[in-house]
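Shown next, in C-alpha coordinates, is the structure this report addresses.
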Amino acid sequence: MSTLKNLLKQKIEAHRPRTTKLLKEYGDVKVGEVTMTQAIGGMRSIKSLVTDISYLDPNEGIRFRGKTIPETLEALPKPEGKDYPYVEGFWFFLLTGEVPTLKQTLEVVDDFKSRSDIPQYVIDVLKAMPKDSHPMVLFSTAIMTMQKDSKFAKFYEEGYNKMTAWETMYEDSTDLLAKLPAIAAYIYRMKFKGGDQIAADKDLDMGGNFAHMMGIDAPYDDVARMYFILHSDHESGNASAHTTHLVASTLSDAYYSLSAGLNALAGPLHGLANQEVLRWLQGVMDKLDGQEPTEEMMKKFVWDTLNGGQVIPGFGHAVLRKTDPRYQQQREFCEKHLPEDKIFKYVDMLYRVVPDILVEQGKAKNPWPNVDAQSGVIQWFYGIKEYDFYTVMFGVGRAIGVLANITWDRGLAYPLERPKSLTTDMLEKIAGIK
Ligand code: HAX
(Lines give C-alpha, C1' and ligand atoms only; values in the text may rest on other atoms or scores of the structure.)
Protein backbone atom coordinates (compact mmCIF):
# COMPACT_ATOMS: atom_id res chain seq x y z
CA MET A 1 0.00 0.00 0.00
CA SER A 2 1.36 3.48 -0.86
CA THR A 3 2.39 5.88 1.91
CA LEU A 4 -0.58 8.11 1.06
CA LYS A 5 -3.15 5.30 1.08
CA ASN A 6 -1.74 3.88 4.30
CA LEU A 7 -1.84 7.25 6.05
CA LEU A 8 -5.36 7.87 4.73
CA LYS A 9 -6.43 4.49 6.15
CA GLN A 10 -5.10 5.48 9.59
CA LYS A 11 -6.78 8.90 9.38
CA ILE A 12 -10.16 7.45 8.37
CA GLU A 13 -10.05 4.80 11.09
CA ALA A 14 -9.08 7.38 13.72
CA HIS A 15 -11.89 9.72 12.57
CA ARG A 16 -14.75 7.20 12.45
CA PRO A 17 -15.42 7.08 16.22
CA ARG A 18 -15.89 10.89 16.27
CA THR A 19 -18.67 10.70 13.69
CA THR A 20 -20.22 7.63 15.35
CA LYS A 21 -20.22 9.32 18.79
CA LEU A 22 -21.92 12.46 17.43
CA LEU A 23 -24.56 10.36 15.71
CA LYS A 24 -25.23 7.94 18.55
CA GLU A 25 -25.00 10.23 21.57
CA TYR A 26 -25.86 13.68 20.20
CA GLY A 27 -28.17 12.86 17.33
CA ASP A 28 -30.98 15.14 18.60
CA VAL A 29 -28.85 18.22 19.25
CA LYS A 30 -29.98 21.09 16.98
CA VAL A 31 -27.39 22.46 14.53
CA GLY A 32 -29.61 25.26 13.19
CA GLU A 33 -33.06 26.22 11.97
CA VAL A 34 -34.51 26.69 8.52
CA THR A 35 -36.30 29.88 7.52
CA MET A 36 -38.85 30.41 4.79
CA THR A 37 -36.23 32.34 2.77
CA GLN A 38 -33.84 29.41 2.95
CA ALA A 39 -36.46 26.85 1.99
CA ILE A 40 -37.54 28.83 -1.07
CA GLY A 41 -34.20 30.48 -1.74
CA GLY A 42 -31.81 27.73 -2.72
CA MET A 43 -31.02 26.48 0.81
CA ARG A 44 -28.51 29.33 1.38
CA SER A 45 -26.40 28.72 4.49
CA ILE A 46 -28.45 25.81 5.88
CA LYS A 47 -25.94 23.86 7.95
CA SER A 48 -26.52 20.36 6.65
CA LEU A 49 -23.24 19.09 5.18
CA VAL A 50 -20.06 17.94 6.90
CA THR A 51 -16.52 18.09 5.53
CA ASP A 52 -13.13 18.52 7.16
CA ILE A 53 -11.26 19.14 3.91
CA SER A 54 -11.97 22.85 3.59
CA TYR A 55 -14.00 25.55 5.33
CA LEU A 56 -15.28 28.78 3.80
CA ASP A 57 -15.48 31.75 6.12
CA PRO A 58 -17.68 34.52 4.61
CA ASN A 59 -15.09 37.21 5.41
CA GLU A 60 -11.78 35.41 5.35
CA GLY A 61 -12.42 33.05 2.43
CA ILE A 62 -11.33 29.47 2.04
CA ARG A 63 -9.03 27.47 4.32
CA PHE A 64 -7.79 24.13 3.09
CA ARG A 65 -7.35 21.76 6.05
CA GLY A 66 -7.12 24.79 8.34
CA LYS A 67 -4.60 26.71 6.21
CA THR A 68 -5.28 29.91 4.26
CA ILE A 69 -4.28 29.99 0.58
CA PRO A 70 -0.91 31.74 1.23
CA GLU A 71 -0.16 29.33 4.10
CA THR A 72 -1.00 26.34 1.91
CA LEU A 73 1.16 27.54 -0.97
CA GLU A 74 4.00 28.27 1.42
CA ALA A 75 3.88 24.92 3.21
CA LEU A 76 3.76 22.45 0.33
CA PRO A 77 6.83 21.14 -1.54
CA LYS A 78 7.55 22.81 -4.90
CA PRO A 79 9.39 21.58 -7.97
CA GLU A 80 12.89 23.05 -8.10
CA GLY A 81 12.93 26.67 -9.27
CA LYS A 82 9.13 26.96 -9.30
CA ASP A 83 6.90 29.35 -7.37
CA TYR A 84 3.90 27.04 -6.91
CA PRO A 85 3.66 23.63 -5.24
CA TYR A 86 3.20 20.19 -6.74
CA VAL A 87 -0.52 19.54 -7.26
CA GLU A 88 0.20 15.94 -6.25
CA GLY A 89 1.41 17.12 -2.82
CA PHE A 90 -1.73 19.20 -2.48
CA TRP A 91 -3.85 16.07 -3.14
CA PHE A 92 -1.93 14.30 -0.33
CA PHE A 93 -2.58 17.31 1.93
CA LEU A 94 -6.32 17.52 1.17
CA LEU A 95 -6.78 13.79 1.73
CA THR A 96 -4.80 13.46 4.96
CA GLY A 97 -4.56 16.96 6.44
CA GLU A 98 -0.79 16.50 6.64
CA VAL A 99 1.78 18.43 4.64
CA PRO A 100 3.76 15.79 2.74
CA THR A 101 7.54 15.72 2.58
CA LEU A 102 9.15 16.04 -0.83
CA LYS A 103 9.73 12.27 -0.85
CA GLN A 104 6.07 11.55 -0.10
CA THR A 105 5.05 14.07 -2.77
CA LEU A 106 7.26 12.44 -5.38
CA GLU A 107 5.74 9.07 -4.54
CA VAL A 108 2.34 10.53 -5.50
CA VAL A 109 3.87 12.08 -8.65
CA ASP A 110 5.06 8.59 -9.67
CA ASP A 111 1.73 6.99 -8.77
CA PHE A 112 -0.12 9.52 -10.96
CA LYS A 113 2.26 8.87 -13.84
CA SER A 114 1.61 5.13 -13.68
CA ARG A 115 -2.13 5.80 -14.05
CA SER A 116 -2.11 8.71 -16.51
CA ASP A 117 -2.53 7.02 -19.93
CA ILE A 118 -5.87 7.80 -21.58
CA PRO A 119 -7.61 4.70 -22.95
CA GLN A 120 -7.96 4.66 -26.74
CA TYR A 121 -11.75 4.28 -26.46
CA VAL A 122 -11.94 7.70 -24.76
CA ILE A 123 -10.14 9.27 -27.71
CA ASP A 124 -12.43 7.44 -30.14
CA VAL A 125 -15.50 8.75 -28.33
CA LEU A 126 -14.14 12.32 -28.20
CA LYS A 127 -13.40 12.26 -31.92
CA ALA A 128 -16.91 10.98 -32.67
CA MET A 129 -18.63 13.82 -30.77
CA PRO A 130 -20.27 16.67 -32.73
CA LYS A 131 -17.67 19.29 -33.64
CA ASP A 132 -19.64 22.06 -31.99
CA SER A 133 -19.99 20.31 -28.61
CA HIS A 134 -18.95 22.54 -25.72
CA PRO A 135 -15.58 21.48 -24.21
CA MET A 136 -17.37 20.80 -20.90
CA VAL A 137 -19.64 18.29 -22.68
CA LEU A 138 -16.55 16.56 -24.10
CA PHE A 139 -14.87 16.56 -20.68
CA SER A 140 -17.87 15.20 -18.81
CA THR A 141 -18.49 12.58 -21.52
CA ALA A 142 -14.86 11.41 -21.44
CA ILE A 143 -15.23 10.79 -17.72
CA MET A 144 -18.49 8.88 -18.15
CA THR A 145 -16.92 6.77 -20.87
CA MET A 146 -14.35 5.47 -18.38
CA GLN A 147 -16.97 4.39 -15.84
CA LYS A 148 -16.75 0.84 -17.15
CA ASP A 149 -13.31 0.64 -15.52
CA SER A 150 -14.53 1.71 -12.08
CA LYS A 151 -12.91 -0.35 -9.34
CA PHE A 152 -15.60 0.72 -6.88
CA ALA A 153 -18.41 -0.48 -9.18
CA LYS A 154 -16.63 -3.85 -9.51
CA PHE A 155 -16.13 -4.03 -5.74
CA TYR A 156 -19.84 -3.37 -5.26
CA GLU A 157 -20.81 -6.09 -7.71
CA GLU A 158 -18.50 -8.61 -6.11
CA GLY A 159 -19.70 -8.07 -2.54
CA TYR A 160 -19.78 -4.67 -0.95
CA ASN A 161 -18.22 -3.94 2.46
CA LYS A 162 -18.96 -0.58 4.09
CA MET A 163 -15.72 -0.56 6.09
CA THR A 164 -13.40 -0.89 3.10
CA ALA A 165 -15.51 0.82 0.41
CA TRP A 166 -13.34 3.96 0.58
CA GLU A 167 -10.36 2.03 -0.81
CA THR A 168 -11.81 1.52 -4.28
CA MET A 169 -13.26 5.05 -4.19
CA TYR A 170 -9.72 6.27 -3.53
CA GLU A 171 -8.37 4.12 -6.38
CA ASP A 172 -10.98 5.43 -8.84
CA SER A 173 -10.36 9.00 -7.68
CA THR A 174 -6.61 8.66 -8.17
CA ASP A 175 -7.06 6.99 -11.58
CA LEU A 176 -9.32 9.87 -12.62
CA LEU A 177 -7.13 12.69 -11.31
CA ALA A 178 -4.08 11.23 -12.99
CA LYS A 179 -5.87 11.22 -16.36
CA LEU A 180 -7.81 14.49 -16.24
CA PRO A 181 -5.01 16.88 -17.31
CA ALA A 182 -4.22 14.75 -20.35
CA ILE A 183 -7.91 14.49 -21.27
CA ALA A 184 -8.35 18.26 -20.88
CA ALA A 185 -5.27 19.01 -23.02
CA TYR A 186 -6.43 16.47 -25.62
CA ILE A 187 -9.83 18.19 -25.84
CA TYR A 188 -8.17 21.60 -26.20
CA ARG A 189 -5.86 20.55 -29.00
CA MET A 190 -8.51 18.46 -30.75
CA LYS A 191 -11.01 21.31 -30.74
CA PHE A 192 -8.78 24.34 -31.18
CA LYS A 193 -5.41 23.21 -32.59
CA GLY A 194 -6.56 21.05 -35.47
CA GLY A 195 -5.94 17.81 -33.57
CA ASP A 196 -2.19 18.37 -33.38
CA GLN A 197 -1.57 16.51 -30.11
CA ILE A 198 1.51 16.70 -27.88
CA ALA A 199 2.41 13.47 -26.08
CA ALA A 200 2.83 13.54 -22.30
CA ASP A 201 6.34 13.90 -20.90
CA LYS A 202 6.61 11.33 -18.12
CA ASP A 203 9.45 13.31 -16.48
CA LEU A 204 7.10 16.14 -15.56
CA ASP A 205 4.71 16.63 -12.65
CA MET A 206 0.98 17.20 -13.18
CA GLY A 207 1.19 20.98 -13.64
CA GLY A 208 4.32 20.78 -15.79
CA ASN A 209 2.85 18.08 -17.96
CA PHE A 210 -0.40 19.94 -18.47
CA ALA A 211 1.50 23.01 -19.69
CA HIS A 212 3.62 20.77 -21.93
CA MET A 213 0.60 19.00 -23.46
CA MET A 214 -1.14 22.35 -23.99
CA GLY A 215 1.98 23.50 -25.84
CA ILE A 216 2.64 26.52 -23.61
CA ASP A 217 6.05 27.44 -22.13
CA ALA A 218 6.98 28.37 -18.56
CA PRO A 219 5.74 29.98 -16.42
CA TYR A 220 2.48 28.43 -17.64
CA ASP A 221 3.40 25.28 -15.68
CA ASP A 222 3.16 27.40 -12.53
CA VAL A 223 -0.12 28.89 -13.77
CA ALA A 224 -1.46 25.34 -14.06
CA ARG A 225 -0.29 24.42 -10.54
CA MET A 226 -1.77 27.62 -9.10
CA TYR A 227 -5.00 27.29 -11.09
CA PHE A 228 -5.67 23.66 -10.14
CA ILE A 229 -4.96 24.30 -6.45
CA LEU A 230 -7.00 27.51 -6.21
CA HIS A 231 -10.04 25.97 -7.89
CA SER A 232 -9.94 22.68 -5.98
CA ASP A 233 -12.26 22.99 -3.03
CA HIS A 234 -14.70 25.51 -1.60
CA GLU A 235 -16.32 23.38 1.11
CA SER A 236 -19.29 21.12 0.34
CA GLY A 237 -22.26 23.34 -0.45
CA ASN A 238 -21.25 24.83 -3.81
CA ALA A 239 -23.12 23.30 -6.74
CA SER A 240 -20.31 21.15 -8.19
CA ALA A 241 -19.15 19.78 -4.82
CA HIS A 242 -22.66 19.22 -3.60
CA THR A 243 -23.72 17.47 -6.80
CA THR A 244 -20.69 15.18 -6.70
CA HIS A 245 -21.40 14.33 -3.06
CA LEU A 246 -25.13 13.80 -3.71
CA VAL A 247 -24.55 11.41 -6.59
CA ALA A 248 -21.84 9.55 -4.64
CA SER A 249 -24.28 9.16 -1.74
CA THR A 250 -26.34 6.76 -3.87
CA LEU A 251 -23.26 4.47 -3.92
CA SER A 252 -22.53 5.64 -7.43
CA ASP A 253 -18.83 5.51 -8.22
CA ALA A 254 -16.41 8.41 -8.73
CA TYR A 255 -16.96 8.49 -12.52
CA TYR A 256 -20.73 9.03 -12.32
CA SER A 257 -20.31 11.43 -9.40
CA LEU A 258 -17.56 13.62 -10.84
CA SER A 259 -19.20 13.81 -14.26
CA ALA A 260 -22.42 15.02 -12.59
CA GLY A 261 -20.49 17.57 -10.52
CA LEU A 262 -18.81 18.93 -13.62
CA ASN A 263 -22.19 19.34 -15.30
CA ALA A 264 -23.13 21.59 -12.39
CA LEU A 265 -19.86 23.49 -12.78
CA ALA A 266 -20.82 24.20 -16.39
CA GLY A 267 -23.59 26.63 -15.35
CA PRO A 268 -23.05 30.39 -15.90
CA LEU A 269 -23.76 31.15 -12.24
CA HIS A 270 -20.97 28.74 -11.25
CA GLY A 271 -17.78 27.74 -13.13
CA LEU A 272 -18.84 29.05 -16.52
CA ALA A 273 -18.62 32.57 -15.06
CA ASN A 274 -14.90 32.65 -15.91
CA GLN A 275 -15.62 32.42 -19.63
CA GLU A 276 -18.48 34.88 -19.21
CA VAL A 277 -16.12 37.50 -17.76
CA LEU A 278 -13.93 37.34 -20.85
CA ARG A 279 -16.93 37.22 -23.18
CA TRP A 280 -18.39 40.29 -21.48
CA LEU A 281 -15.07 42.16 -21.68
CA GLN A 282 -14.68 41.25 -25.34
CA GLY A 283 -18.12 42.74 -25.93
CA VAL A 284 -16.98 45.94 -24.24
CA MET A 285 -13.80 46.08 -26.34
CA ASP A 286 -15.72 45.41 -29.56
CA LYS A 287 -18.02 48.32 -28.82
CA LEU A 288 -15.03 50.57 -28.16
CA ASP A 289 -13.34 49.53 -31.39
CA GLY A 290 -9.80 49.53 -29.99
CA GLN A 291 -10.20 52.63 -27.80
CA GLU A 292 -9.07 52.38 -24.14
CA PRO A 293 -12.14 52.60 -21.90
CA THR A 294 -12.17 55.28 -19.24
CA GLU A 295 -13.67 54.52 -15.83
CA GLU A 296 -16.75 56.50 -16.89
CA MET A 297 -17.21 54.35 -19.99
CA MET A 298 -16.73 51.17 -17.96
CA LYS A 299 -19.34 52.33 -15.45
CA LYS A 300 -21.78 52.86 -18.29
CA PHE A 301 -21.18 49.32 -19.62
CA VAL A 302 -21.74 47.90 -16.15
CA TRP A 303 -25.00 49.81 -15.71
CA ASP A 304 -26.16 48.84 -19.21
CA THR A 305 -25.58 45.18 -18.35
CA LEU A 306 -27.48 45.46 -15.06
CA ASN A 307 -30.30 47.45 -16.65
CA GLY A 308 -30.50 44.75 -19.32
CA GLY A 309 -31.38 42.31 -16.53
CA GLN A 310 -28.04 40.50 -16.54
CA VAL A 311 -25.53 39.84 -13.77
CA ILE A 312 -21.94 41.11 -13.83
CA PRO A 313 -19.96 37.89 -14.19
CA GLY A 314 -17.13 37.39 -11.72
CA PHE A 315 -18.76 39.44 -8.97
CA GLY A 316 -20.87 38.33 -6.02
CA HIS A 317 -20.94 35.08 -4.10
CA ALA A 318 -23.45 32.92 -2.27
CA VAL A 319 -21.27 32.71 0.87
CA LEU A 320 -18.34 35.14 0.62
CA ARG A 321 -18.84 38.72 1.78
CA LYS A 322 -15.37 40.08 0.93
CA THR A 323 -13.00 39.94 -2.05
CA ASP A 324 -12.28 36.27 -2.78
CA PRO A 325 -8.69 35.38 -1.72
CA ARG A 326 -8.54 33.17 -4.85
CA TYR A 327 -9.05 36.40 -6.83
CA GLN A 328 -6.31 38.12 -4.80
CA GLN A 329 -3.85 35.31 -5.39
CA GLN A 330 -4.38 35.49 -9.16
CA ARG A 331 -4.22 39.28 -9.08
CA GLU A 332 -0.80 39.07 -7.42
CA PHE A 333 0.31 36.69 -10.17
CA CYS A 334 -0.89 39.18 -12.79
CA GLU A 335 0.91 42.06 -11.08
CA LYS A 336 4.12 40.06 -11.19
CA HIS A 337 3.89 38.50 -14.65
CA LEU A 338 1.54 40.64 -16.76
CA PRO A 339 1.22 44.09 -15.17
CA GLU A 340 0.97 45.87 -18.53
CA ASP A 341 -1.53 43.48 -20.10
CA LYS A 342 -4.52 45.33 -21.55
CA ILE A 343 -7.15 42.87 -20.36
CA PHE A 344 -5.62 42.75 -16.88
CA LYS A 345 -5.96 46.53 -16.75
CA TYR A 346 -9.62 46.31 -17.76
CA VAL A 347 -10.28 43.65 -15.12
CA ASP A 348 -8.54 45.85 -12.59
CA MET A 349 -10.70 48.75 -13.66
CA LEU A 350 -13.76 46.56 -13.09
CA TYR A 351 -12.48 45.94 -9.56
CA ARG A 352 -12.53 49.71 -9.05
CA VAL A 353 -15.97 50.42 -10.55
CA VAL A 354 -18.22 47.36 -10.10
CA PRO A 355 -18.47 47.05 -6.28
CA ASP A 356 -19.76 50.61 -5.83
CA ILE A 357 -22.30 50.11 -8.60
CA LEU A 358 -23.54 46.83 -7.15
CA VAL A 359 -23.87 48.52 -3.75
CA GLU A 360 -25.77 51.41 -5.36
CA GLN A 361 -28.05 48.96 -7.17
CA GLY A 362 -28.69 47.41 -3.76
CA LYS A 363 -29.35 43.81 -4.75
CA ALA A 364 -26.16 41.74 -4.51
CA LYS A 365 -25.27 40.75 -0.94
CA ASN A 366 -21.61 40.65 -1.90
CA PRO A 367 -20.39 43.31 -4.37
CA TRP A 368 -16.81 41.99 -4.44
CA PRO A 369 -15.06 39.92 -7.14
CA ASN A 370 -14.92 36.13 -6.96
CA VAL A 371 -12.37 33.65 -8.33
CA ASP A 372 -13.75 33.87 -11.86
CA ALA A 373 -13.15 37.59 -12.33
CA GLN A 374 -9.41 37.17 -12.74
CA SER A 375 -8.72 33.66 -13.98
CA GLY A 376 -9.60 34.16 -17.65
CA VAL A 377 -7.16 37.06 -17.99
CA ILE A 378 -4.20 34.85 -17.14
CA GLN A 379 -5.26 32.13 -19.56
CA TRP A 380 -5.80 34.70 -22.31
CA PHE A 381 -2.36 36.19 -21.71
CA TYR A 382 -0.69 32.78 -22.16
CA GLY A 383 -2.49 32.22 -25.44
CA ILE A 384 -5.63 30.33 -24.47
CA LYS A 385 -8.08 32.68 -26.10
CA GLU A 386 -10.75 30.05 -26.62
CA TYR A 387 -12.58 31.00 -23.47
CA ASP A 388 -15.13 28.22 -23.59
CA PHE A 389 -12.24 25.97 -22.52
CA TYR A 390 -11.69 27.80 -19.21
CA THR A 391 -14.30 25.87 -17.26
CA VAL A 392 -12.60 22.59 -18.23
CA MET A 393 -9.44 23.75 -16.43
CA PHE A 394 -11.57 24.82 -13.48
CA GLY A 395 -12.99 21.28 -13.63
CA VAL A 396 -9.56 19.63 -13.43
CA GLY A 397 -8.92 21.67 -10.30
CA ARG A 398 -12.37 21.13 -8.80
CA ALA A 399 -11.92 17.38 -9.26
CA ILE A 400 -9.14 17.40 -6.64
CA GLY A 401 -11.47 18.73 -3.96
CA VAL A 402 -14.59 16.77 -4.77
CA LEU A 403 -12.76 13.48 -5.23
CA ALA A 404 -11.02 13.90 -1.86
CA ASN A 405 -14.45 14.58 -0.39
CA ILE A 406 -16.21 11.54 -1.82
CA THR A 407 -13.32 9.31 -0.74
CA TRP A 408 -13.89 10.56 2.81
CA ASP A 409 -17.69 10.26 2.36
CA ARG A 410 -17.15 6.53 1.86
CA GLY A 411 -14.59 6.34 4.66
CA LEU A 412 -17.12 7.75 7.12
CA ALA A 413 -20.01 5.84 5.50
CA TYR A 414 -22.10 8.96 4.95
CA PRO A 415 -25.62 7.83 4.00
CA LEU A 416 -27.86 8.49 1.03
CA GLU A 417 -28.69 12.21 0.90
CA ARG A 418 -32.43 12.89 1.07
CA PRO A 419 -33.74 16.28 2.26
CA LYS A 420 -37.49 16.80 2.67
CA SER A 421 -39.67 18.98 0.50
CA LEU A 422 -42.91 20.75 1.40
CA THR A 423 -45.74 22.15 -0.72
CA THR A 424 -46.46 25.90 -1.03
CA ASP A 425 -49.74 25.21 0.81
CA MET A 426 -47.80 23.80 3.74
CA LEU A 427 -45.47 26.82 3.81
CA GLU A 428 -48.49 29.15 3.83
CA LYS A 429 -49.90 27.23 6.80
CA ILE A 430 -46.54 27.44 8.62
CA ALA A 431 -46.54 31.21 7.90
CA GLY A 432 -50.05 31.45 9.39
CA ILE A 433 -51.64 32.92 6.24
CA LYS A 434 -53.81 29.93 5.41
N1 HAX B 1 -24.37 41.17 -10.82
C2 HAX B 1 -25.66 41.58 -10.77
N3 HAX B 1 -26.54 41.16 -9.84
C4 HAX B 1 -26.09 40.33 -8.90
C5 HAX B 1 -24.74 39.89 -8.87
C6 HAX B 1 -23.88 40.35 -9.89
N7 HAX B 1 -22.61 39.92 -9.98
N8 HAX B 1 -24.59 39.06 -7.82
C9 HAX B 1 -25.80 38.98 -7.22
N10 HAX B 1 -26.70 39.74 -7.88
C11 HAX B 1 -28.15 39.85 -7.63
C12 HAX B 1 -28.75 38.47 -7.77
O13 HAX B 1 -29.00 38.15 -9.14
C14 HAX B 1 -30.02 38.62 -6.97
O15 HAX B 1 -30.95 39.33 -7.74
P16 HAX B 1 -32.53 39.01 -7.69
O17 HAX B 1 -32.93 39.34 -6.29
O18 HAX B 1 -33.10 39.91 -8.72
O19 HAX B 1 -32.68 37.55 -7.99
C20 HAX B 1 -29.57 39.52 -5.82
O21 HAX B 1 -28.38 40.19 -6.29
C22 HAX B 1 -29.22 38.76 -4.55
O23 HAX B 1 -28.27 37.76 -4.85
P24 HAX B 1 -27.21 37.29 -3.77
O25 HAX B 1 -27.96 36.72 -2.61
O26 HAX B 1 -26.22 38.36 -3.49
O27 HAX B 1 -26.41 36.16 -4.55
P28 HAX B 1 -26.80 34.63 -4.71
O29 HAX B 1 -26.33 33.90 -3.53
O30 HAX B 1 -28.23 34.47 -5.08
O31 HAX B 1 -25.95 34.25 -6.01
C32 HAX B 1 -24.05 34.31 -7.42
C33 HAX B 1 -24.55 34.17 -5.98
C34 HAX B 1 -22.56 33.99 -7.45
C35 HAX B 1 -24.79 33.29 -8.28
C36 HAX B 1 -24.32 35.75 -7.92
O37 HAX B 1 -23.57 36.65 -7.15
C38 HAX B 1 -24.02 35.94 -9.40
O39 HAX B 1 -24.90 35.67 -10.23
N40 HAX B 1 -22.76 36.39 -9.76
C41 HAX B 1 -22.36 36.53 -11.13
C42 HAX B 1 -21.98 35.16 -11.69
C43 HAX B 1 -20.69 34.65 -11.08
O44 HAX B 1 -19.71 35.35 -11.00
N45 HAX B 1 -20.70 33.36 -10.68
C46 HAX B 1 -19.50 32.70 -10.14
C47 HAX B 1 -19.51 32.61 -8.62
C48 HAX B 1 -18.29 31.92 -8.07
C49 HAX B 1 -18.36 30.49 -8.41
O50 HAX B 1 -19.17 29.71 -7.94
N51 HAX B 1 -17.54 30.09 -9.28
O52 HAX B 1 -17.64 28.83 -9.72
Item to complete: Please build a GNM for the chain, connecting alpha carbons under 10 Å apart, and tell me which residue among 87, 122, 108 fluctuates the most.
Response: 122
Discussion item. Leaving ligands and nucleic acids out of the surface, order 402, 137 by accessible area at 1.4 Å, largest first.
Written reply: 137, 402
Worksheet entry | log₁₀ of I(q)/I(0) at q = 0.10, 0.13 Å⁻¹ - the chain, Debye sum with one point per alpha carbon | -0.72, -1.21
Worksheet item: Simple spin-label model, 7 Å along Cα-to-Cβ: residue 34 to residue 279 in nm?
Response: 3.3
Worksheet item: Based on the Cβ-Cβ distance of residue 114 and residue 197, what FRET efficiency does E = 1/(1 + (r/R0)^6) give at R0 = 22 Å, to the nearest 0.05?
Response: 0.60
Fill in: Length-normalised contact order for the chain - Cα pairs under 8 Å, 6+ apart - percent
21
Worksheet item: Ignoring ligands, DNA and RNA, what percent of the accessible area of the chain is carbon or sulfur (1.4 Å)?
Response: 53
Discussion item. Just want to confirm a number: the relative contact order over the range 87-218, from Cα pairs under 8 angstrom separated by 6+ residues, in percent.
Written reply: 25
Discussion item. If you count only protein heavy atoms with a 1.4 Å probe, what accessible area per residue comes out for the chain, rounded to a whole Å²?
Written reply: 46
Worksheet item: Among the lysines, which have Cα under 26 Å from the Cα of residue 30 when same-chain residues fewer than 8 positions away are ignored?
Response: 21, 47, 420, 429
Worksheet entry | the range 134-196: trypsin sites (Lys or Arg not before Pro) in DSSP loop, at most 14 other beta carbons within 10 Å | 162, 193
Response to the item:
Computed from every Cα-Cα pair in the range 301-368, P(r) in 10 Å bins starting at 0 and rounded to whole percents is 19, 49, 28, 4
Item to complete: Mind checking which aspartates and glutamates have their Cα closer than 17 Å to the Cα of residue 365? Skip sequence neighbours fewer than 8 apart in that chain.
Response: 57, 60, 324, 356
Item to complete: Considering only 228, 389, 381, give the residue with the highest GNM mean-square fluctuation for the chain, with springs between Cα atoms whenever their separation is below 10 Å.
Response: 381
Discussion item. I need the helices of the chain that pass two filters: whole DSSP H segments spanning 30 Å or more by Cα along the axis, and mean Kyte-Doolittle score no lower than -1.0.
Written reply: 165-192, 390-411
Discussion item. Can you give the longest run of the chain that contains no GluC sites (Glu not before Pro) sitting in a DSSP loop with at most 11 other Cβ atoms inside 10 Å?
Written reply: 159-339
Worksheet item: Using the Cβ atoms and a cut-off under 15 Å, what net charge is assigned to the surroundings of residue 209, where Lys and Arg are +1 and Asp and Glu are -1?
Response: -3
Worksheet item: Taking only C-alpha pairs under 8 Å that are 6+ residues apart, what is the relative contact order of the range 311-396 in percent?
Response: 45
Worksheet item: Of the residues 184, 254, 199, which exhibits the maximal mean-square fluctuation in a Gaussian network model of the chain defined by a 10 Å Cα contact cut-off?
Response: 199
Worksheet item: Leaving out same-chain residues fewer than 8 places away, which lysines sit with a Cα under 23 Å from that of residue 385?
Response: 127, 131, 191, 193, 287, 336, 342, 345
Worksheet item: Cβ under 12 Å from residue 73's Cβ, residue 73 left aside: what net charge do those residues give with Lys, Arg +1 and Asp, Glu -1?
Response: 0
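The values are calculated or read from the model by the stated rules, or taken from the named source; none is laboratory data. In this text the structure is predicted, and so the values were computed from the model without any measurement. Please note: Cβ atoms are built from the backbone with ideal geometry, for glycine as well, and neighbour counts cover all protein chains shown. For the accessible areas, the whole protein counts, side chains as well, though only heavy atoms, and no ligand, DNA or RNA atoms are used. Shrake-Rupley method; radii C 1.70, N 1.55, O 1.52, S 1.80 Å.
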